[in-house]
Structure formats: structure tokens, C-alpha cells
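Below is one structure, written out as C-alpha cells; the observations come after it.
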Amino acid sequence: MEFSCKDFKVGKCQGQKLVDGESMPLVLQPPKADKADMESLLLALKTNKDWFEQLIIKNSAVLLRGFDVKNAQDFNDIVEAFGWDDIRYVGPAPRTHVHKRVWTANEGPLSEFIYYHHEMVLIKESPKTLLLFCEVPPPEGGETPFVPSFRVTERMLEEFPEAVEEMEAKGLQYSFTALSKNDTSSMRGRGWEDTFGTSDREEAERRAEALGMDLEWLPNGGVKAVLGPRSLTRVFDGRKGRRMWFNTVVGMHGKEISSASMADGTEIPKNVVKRCGEIIEEESIQFKWEKGDVAIFDNMALLHGRRPSKPPRRVLVATCK
């Protein structure tokens with residue numbers, strides 16, 4: 001699909017890369033200085049909705065830059081302009097509801113690196129699209145690096161073909177523990193009451209089952225969630241038949257409050273996990289956040305994370321079906 005839209009101008013950003021001939025992220029700017037206002041942007045998004053959706057799948061990451069996006073209300077208007085259905089976040093990251101469909105991104109300590117992941121990769125239904133808005137750019141660090149997922153699969157198959165196919169055949173099993181209440185001192189500190197939207201254990205179990213997980217209650221009031229089997233890679237429609245590295249093995253394997261193994265209990269070799277982490281980092285792409293930036297990620301095609309940063313940093317998020 002050739003780029004042809006009078007409502008946007010293609011720009012560049014630091015850190016941008018070409019992946020299979022496509023710019024990541026594709027930077028879209030106002031076509032003229034007097035078209036940077038919210039009214040012009042919303043009209044452009046609504047008018048070119050189908051074209052924009054194809055663009056997101058084609059380039060995987062699109063960065064709207066230079067538009068007058070000021071706050072959560074403006075960001076929510078952008079989210080709703082696309083007409084995509086909302087999907088409630090389920091996961092360990094502590095988050096706060098801000099406005100309508102807008103939430104804070106992970107509120108864990110800015111000093112910590114949030115490891116690469118597909119949003120809600122462990123849940124039966126993951127968001128198709130992830131939108132991020134930079135309200136306050138950090139003075140240093142704090143990038144949201146992303147990784148073309150198919151490249152990880154390609155390279156892992158080149159280096160560990162037998163291990164990859166064994167994990168694919170057996171499937172994966174994960175576990176993680178959560179307290180009852182939120183703990184914002186941890187990037188995985190979301191409590192189970194907030195996660196499941198209830199303080200009733202039986203209701204939490206019902207909701208967990210619907211999401212594809214079993215709960216084991218702990219003496220301290222917390223819970224251990226067990227999920228599996230889950231696939232190692234997935235192929236999604238419209239994405240050139242690419243096998244996406246649609247898992248969180250590196251992020252959860254051998255951690256204090258989480259684990260990852262093959263579904264039959266077989267341990268995943270540590271050297272495989274270590275090298276996979278190195279490959280993911282080698283394939284990562286990142287840009288410096290600027291105030292008012294809106295990044296739109298194809299969650300089926302990209303892993304993403306968060307670099308450590310100095311405060312303040314405020315990035316808001318919306319997840320869509």
C-alpha cells in the first residue's frame with residue numbers, strides 16, 4: 001500500500017528503522033501548520049479510518065507527532081475516533097483509570113525496566129491495538145521500545161530450531177502471584193481485587209476461569225494464578241503469514257513472583273531463555289517521547305516495554321479490540 005493521504009505528512013524520528021522495507025515507527029505529522037489542531041486531526045482520522053487501519057497493520061507502529069494533543073480528554077477523543085471497541089486491561093501492572101477509556105500506563109517505579117511483552121498476551125482475548133499518549137515526556141530515558149515479533153521467531157528458529165518446536169508442540173504454562181491490594185512499589189504490583197474487579201473470592205475465581213486461568217489462594221491473602229497451555233507463536237490474519245513470538249517466556253521465566261515452563265512441566269533451558277532475551281533487545285526499536293505524541297501499536301505484531309527514566313514521566317494508554 002503506497003502512502004497517499006493529503007491529511008498527513010510523513011516525517012522522521014530518531015531511532016526509526018526500516019524492517020522489511022517498512023518504516024517503524026511510521027511518523028505522521030500535520031500536512032500544514034494550520035492543521036495541527038484537534039478538530040483537524042479527528043476529522044482526518046474519521047475520514048481515513050479504513051486507510052489508517054491498513055497502515056497500522058502494514059507498519060505495525062504509527063507515531064502521530066506535532067498535533068495539539070494536550071490531555072486525557074483529547075487522547076480519549078482520538079481513541080473513540082477510530083470506533084474500535086474497548087477491552088478492559090487484565091494483568092499484573094498497577095494502573096489508574098483517568099478518563100473514559102484512558103488509563104495510566106504501568107505505575108511501577110520509573111527506575112525499573114518493564115520487560116518486552118505483547119499486551120495481555122496471557123489472556124484468551126488480547127487487544128488488537130494499543131494506543132499510548134505522552135502527556136509529560138521524561139527528562140531522560142523512559143522510552144517505550146518495541147520489537148517486531150516475527151523477527152524474534154525467525155532468529156530463534158535459526159539458532160534453536162529443536163527447542164522452539166518442542167515448546168510449540170508442548171505449549172507453555174505460566175504462573176504469577178499477586179497480593180489482594182495494589183502495590184505501586186512494584187511494576188507487577190496490581191492486586192487481585194483490582195485485576196478481577198471484585199473482593200469476593202468466588203467471583204474472582206469465576207472471572208479468572210473465563211479468562212483462562214486457575215487461582216490458588218495463599219495464606220497471606222494473595223493468590224497464585226496458573227495459566228496454560230498457551231502457544232509459543234501465533235499467526236494472525238493480514239500479517240503476511242508471519243509467526244509472531246506471542247509469549248512472555250523471557251519476562252516470566254525464573255522470576256521471584258512468576259514462572260514459565262513447558263505445559264507438561266519440562267523446564268525451558270536457561271541458555272535458550274537468555275539468548276532469546278538478547279535477540280529481543282538486538283531487534284528493539286525506540287524513539288524519544290515528545291509532549292503530545294500518540295503512538296499506535298499493532299499488538300498482534302509488536303512486543304513493547306519501558307526503559308528506566310528520571311521523573312516526571314506520564315504516559316497514558318488505551319487498549320482496543
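What the table shows:
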{"read-out": "The chain - percent of accessible surface contributed by carbon and sulfur, probe 1.4 Å", "value": "49 percent"}
{"read-out": "Antiparallel bridge percentage (DSSP; both residues within the chain; nearest 5)", "value": "95 percent"}
{"read-out": "Relative contact order for segment 148-281, counting Cα pairs under 8 Å that sit 6 or more residues apart, in percent", "value": "31 percent"}
{"read-out": "Å² of accessible area per residue within the chain, as computed with a 1.4 Å probe and no ligands counted", "value": "45 Å²"}
{"read-out": "Pairs of alpha carbons in segment 148-281 whose separation is greater than 19 Å (percent)", "value": "55 percent"}
{"read-out": "Net +/- balance of residues flanking residue 230 in space, Cβ distance below 14 Å, scoring K and R +1, D and E -1", "value": "-1"}
{"read-out": "Length-normalised contact order for the chain - Cα pairs under 8 Å, 6+ apart - percent", "value": "32 percent"}
{"read-out": "Alpha-carbon centroids, segment 3-30 and segment 255-321: separation in whole Å", "value": "22 Å"}
{"read-out": "Cut-off 14 Å (backbone N to label point 7 Å along Cα→Cβ of residue 42), residues of segment 62-83", "value": "68-83"}
{"read-out": "Pairwise Cα inverse-distance average, inverted: Kirkwood Rh of segment 40-113 (Å)", "value": "14.4 Å"}
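The values are calculated or read from the model by the stated rules, or taken from the named source; none is laboratory data. In this text the structure is predicted, and so the values were computed from the model without any measurement. With ideal geometry, Cβ positions are generated from the backbone for all residues, glycine too; neighbour counts draw on all protein chains shown. With ligands, DNA and RNA removed, areas are computed over all heavy atoms of the protein, side chains included. Shrake-Rupley method; radii C 1.70, N 1.55, O 1.52, S 1.80 Å.
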